[in-house]
């Protein structure tokens with residue numbers, strides 16, 4: 001990739017460099033042209049490139065910009081060279097002069113990569129390695145420039161902390177710190193399966209990893225540019241306080257316990273689970289009394305499952321691609337079908353245990369899975385636990401000539417490969433063309449196979465679709481689409497998302513850090529609201545080397561209502577609590593931080609509820625109100641203004657009509 005930040009040594013990463021080459025020479029040739037050698041009538045029309053206006057110069061240099069090389073390689077067998085390229089014209093142009101450098105910066109760092117340096121003596125510490133890169137981004141104000149970020153990790157034992165110890169979700173801090181500095185719409189991870197599991201907090205089975213010939217996997221996450229937002233601390237009217245005083249902590253926590261029974265909020269200090277879904281410390285682990293990090297004495301893949309994956313929660317991703325590479329080597333082993341694939345796939349869809357929540361973002365509607373002859377036993381849990389998708393892409397036959405390479409096919413029977421290919425497609429086809437689609441298959445609108453080049457198999461599939469019908473039609477080579485009339489509507493009454501507790505949550509709301517957010521019953525969340533549960537809790541520690549603090553849940557009551565423009569954000573640190581009780585309505589465009597909101601509260605549109613505010617029962621907040629931090633609003637109050645103040649009272653006769661039930665019934669379910 002021509003526009004890169006990469007590690008080139010075992011110390012700090014540095015900016016990649018290259019020779020300016022022919023572009024610099026051409027610029028020097030233009031400078032060497034002397035007016036004396038040109039006729040007087042021609043001298044007036046000769047111009048040096050440096051005299052061009054900035055707009056023209058940027059336009060000319062824009063022709064040197066090329067698509068990132070990884071875009072066309074993600075569907076091939078994974079390699080660490082996915083971002084490499086021999087074309088570096090834009091980078092060469094950036095070295096001609098300072099003016100050219102300034103003109104090329106927006107294009108040069110549009111697609112950025114970071115290569116974690118290998119270490120021969122100890123586990124590489126990613127948090128330390130990436131600091132120079134983050135400093136470079138801030139110093140050059142590249143946050144709005146970077147649209148895609150690629151992280152390449154070669155070492156499967158990558159760590160995030162200086163002690164190198166493994167912890168569940170121990171990369172959470174890394175992801176939230178990274179996305180405070182950069183805000184890309186595309187994230188690509190290139191790493192061995194073990195490292196990818198650590199980066200995503202997924203449980204990867206490595207007992208049989210030696211049977212699989214794949215140096216790395218790809219995980220790509222994408223989102224729409226419309227969901228980009230500034231750093232959390234930049235929210236107008238709300239400033240994050242990183243080090244609250246002890247008195248502030250007491251002022252906040254004591255009213256919480258008194259009014260909202262925070263003792264009932266699930267404890268999140270231990271991210272492990274027992275078989276019943278409860279929290280328990282893993283055998284062989286220890287926990288500092290003043291730390292929320294859990295230490296283990298055995299390998300990562302032996303550790304119980306984490307509660308959440310920060311990389312999926314940090315942004316409202318809409319598209320996911322997972323390329324797990326080649327499975328062919330496993331076919332050379334005895335009883336290959338019993339081999340445990342080193343993969344994050346099962347944790348993504350929550351397939352290992354019914355009590356396991358899928359890590360995949362609930363906002364993802366487009367998923368692509370690529371593998372080279374995966375074993376059907378590996379694909380079966382995925383087909384049984386398909387996420388809620390609109391589009392699914394599968395490619396399980398290689399595009400290259402890997403089957404003609406003797407080293408790859410040694411002791412492998414090709415018949416086994418094609419048999420497993422057929423079994424994998426049979427699993428998905430059985431669900432797609434079921435007479436009565438079940439689970440999330442009833443919402444699937446499009447299925448695409450990347451293996452339509454196998455014409456015989458494709459023609460058979462076409463005939464099957466034509467005969468079975470079920471609302472599916474052929475839209476092109478490898479593409480099946482379902483008639484919109486046959487897709488079960490998820491929201492028959494409107495655009496709000498519903499739940500088994502009667503919650504109504506707009507799809508245009510961004511709920512980030514779902515494991516720390518508890519929605520009660522009859523909660524309505526409208527579009528573009530920002531509900532933040534990411535304020536850091538930093539308590540004083542009696543231990544000299546360990547920090548204290550416990551993660552706190554964000555809760556919304558059983559009958560709260562939140563309007564359609566709501567955004568929820570979370571960080572994987574220890575947080576202050578945010579609780580919204582029953583029958584609460586939050587209007588579009590509002591922002592709520594670590595506040596406590598009682599029952600029967602109506603928050604208007606475009607409001608800001610500052611941190612540590614306490615809003616008691618039967619309160620109405622008018623449109624555009626900014627409630628300052630630490631404000632306590634008594635019951636039966638009407639609040640308005642910037643900053644907010646009590647401007648009226650809710651009369652006793654209005655209480656019966658203030659329960660928001662009519663408003664709740666008027667908003668559609670989903």
Can you order the peptides 360-369, 409-418 by their average number of other Cβ atoms within 10 Å per residue, highest first?
360-369, 409-418
Sorted peptide list for 141-153, 188-200, 326-338, criterion being average Cβ within 10 angstrom, highest first
188-200, 141-153, 326-338
Can you work out the PRE-style zone for residue 403? Point 7 Å along Cα to Cβ, and I want the residues of segment 427-468 with backbone N under 12 Å.
453-457
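List 74, 131 from most exposed to least, where exposure is judged by having the fewest other Cβ atoms within 10 Å. Mind dumping the intermediate values first?
Numbers: 74 17, 131 13.
Taking fewest neighbouring Cβ atoms as first place, the list is 131, 74.
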At 7 Å along the Cα-to-beta-carbon direction for both residue 606 and residue 484, put a label point, then send me their distance in nm to one decimal.
3.2
Ascending count of other beta-carbon atoms within 10 Å, so fewest first, for 402, 614:
402, 614
For segment 315-486, just say rounded, prolate or oblate: build the C-alpha gyration tensor, square-root its eigenvalues into a ≥ b ≥ c, call rounded for a/c under 1.5, and beyond that prolate if a/b exceeds b/c, oblate if not.
oblate
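Using 0.36 nm per residue, how much length does the chain from residue 66 to residue 647 gain when fully extended, once their Cα-Cα distance is taken away? Don't skip to the answer; put the middle values down first.
Values: separation 581, 0.36 × 581 = 209.16 nm, distance 5.82 nm.
Value of the extension gain: 203.3 nm.
Based only on other Cβ atoms within 10 Å, what is the fewest-to-most ordering of 218, 443? Show your work: numbers first, answer last.
On the way: 218 24, 443 17.
So the ranking, lowest neighbour count to highest, is 443, 218.
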Report the gain in length on full extension from residue 49 to residue 415: 0.36 nm times residue separation, minus Cα-Cα distance, nm rounded to one decimal.
125.5 nm
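Order the peptides 619-630, 76-87 from the highest to the lowest mean number of other Cβ atoms within 10 Å of their residues. Intermediate results must be reported in sequence, preceding the final value.
On the way: 619-630: 20.4, 76-87: 16.2.
Averaged packing, sorted descending, gives the order 619-630, 76-87.
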Go ahead and run the numbers for FRET between residue 59 and residue 105, Cβ-Cβ distance against an R0 of 22 Å, rounding to 0.05.
0.90
From the Cα centre of segment 331-350 to that of segment 414-467, the distance in Å is 21
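Any read-out appearing in this document is the output of simple, stated calculations on the displayed coordinates, not a laboratory observation. The structure displayed is predicted, hence computed values, not measured ones. With ideal geometry, Cβ positions are generated from the backbone for all residues, glycine too; neighbour counts draw on all protein chains shown.
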